[in-house]
Every structure is written in C-alpha cells, then in structure tokens.
1. In what sequence, highest mean first, do 16-25, 36-45 appear when ranked by Cβ atoms within 10 angstrom?
2. Can you tell me the 0 to 90 degree angle between the C-alpha axis of helix 124-136 and the longest principal axis of the chain, rounded to 10?
3. May I ask which of Lys48/Lys113; Lys18/Lys179; Lys135/Lys177; Lys63/Lys113; Lys74/Lys113; Lys23/Lys179 have a Cα-Cα span longer than 20 Å here?
4. Keeping all protein chains in place and using 1.4 angstrom, which order do His71, His51 fall into by accessible surface area, from largest down?
5. Would you mind classifying the chain by shape? Square roots of the alpha carbon gyration tensor eigenvalues, ordered a ≥ b ≥ c; an a/c under 1.5 is rounded, otherwise it is prolate if a/b is larger than b/c and oblate if not.
6. Might you work out the accessible area of Asp183 for me, using a 1.4 Å probe with all protein chains in place, and round it to the nearest 10 Å²?
7. Can you give the relative contact order of the chain as a percent, counting alpha carbon pairs under 8 Å and 6+ residues apart?
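The values are calculated or read from the model by the stated rules, or taken from the named source; none is laboratory data. Note that the structure is a prediction, hence the values are computed from the model and not measured. Methodologically, a virtual Cβ is constructed for each residue, glycine included, from the backbone with ideal geometry; neighbour enumeration extends over all protein chains shown. Calculation scope for accessible area: heavy atoms of the full protein, side chains included, ligands and nucleic acids excluded. Shrake-Rupley method; radii C 1.70, N 1.55, O 1.52, S 1.80 Å.
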Amino acid sequence: SRIMADWNAIANKLPVQKTPEEKARRNDMFMQWDPNGNGYLSLAEIDKGLHMTLGLEEIYNCKPALMRAYHASKGLKKGKKGGRDDDYVSRIEFRMLLVYLKLYFELFNIFSKLDTGEDRRVDIDEFRAAAPTLKEWGCPIDDDVEVTFNKIDANGGGQILFREFAEWAIANNVLEKFKESQDEEDD
C-alpha cells in the first residue's frame, strides 16, 4: 500500500493569503518556478516548482489535482487575443493557482480515502463503503447510493474519476463539511 500523503499539510504550505509575508513568499516562489524569467508558468514548470520548493515526492501521485488547478487558473486574467495567456499561468494568476492547488490537494485527500483500490478511480463498492461517512458529514447521498454514484459519474463510465468527484464535491461544499467533521473529532 502506498504511503498516504498528508495533502492538508501540503496545502497549508502554499502561500495563498494576501498578507505582505505571503505575498513576498509567493513572489520568491514564482521567480524560482519561472527559470527562464518570461513571466509565465507552463504545467511542467509548475510541476517541477512544486517538487523543488516544497520538496514533495508525493506531488507525483497527485497529477489529477495539479491538472485541475492548472486548468482552473490559466487564462483567468484574459490578455491580448492569441497571446500566451491561455496556455500558461501568468504572474497575476499565480496566487489563484496556489489557491486552486490548495483546494484540489484537499479534495484529493478525501478522494484518496474513498479510493481504497488505489487506482485513482472509485467504483460502486468503494463508494457504497464510503457513503455512510459522506452522509455523516452532511453530503447529499441518496438512500439508494447508486443514484448518487451515477450523478457523480458524469461520463457514465462506471467509475468516479477525480475530476468528476471534484466537480460534485465543490458543488456540494464537501470540503467544508469534511473540515467541520475533523474539527469535531479534535474536540
């Protein structure tokens, strides 16, 4: 069994706040991640940057979260038509990239708990096993678990992929519910 990364701890290392300290850390991070100094980050540079600055081997197990964050943040600030903006994350989009990375790492943490087969997919049996916990957190799980499973399995492939889980989780505020359940356990 692979070692479970603590995605929440990883997420908390990302300087996403608007404080002067975090802004300075973000600027340093961007310069480290942008070796050619062109003011844009490719997916490969972001991948390498995460690995380099945070020293995270686990990032390589988390490509789906990285892909979602990358696609969500690039092109947020539209520039000139036909510019590089749509294929890269620009400096002004960098904080949002980190915000999305934090979000998707945290969602990946939950997804990994559901994915007991460790194949980056959740089948109906894995979902059925997780349903009581999800319900406990206040997630909208139908009495017929298969109904909810089929709602999340947007492409009808018989497996819930991380992208599908993330979309459902965001729409249903699953992360907040998960965090509240963790806080209650700490009391």
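1. Ranked from most to least packed, the peptides come out as 36-45, 16-25.
2. Compared with the principal axis, the helix lies near 90 degrees.
3. Over 20 Å Cα-Cα: Lys48/Lys113; Lys18/Lys179; Lys74/Lys113; Lys23/Lys179.
4. His71, His51
5. prolate
6. Solvent-accessible area, nearest 10 Å²: 90 Å².
7. Details: 198 pairs, mean separation 36.0, N = 187.
The normalised contact order for the chain reaches 19 percent.
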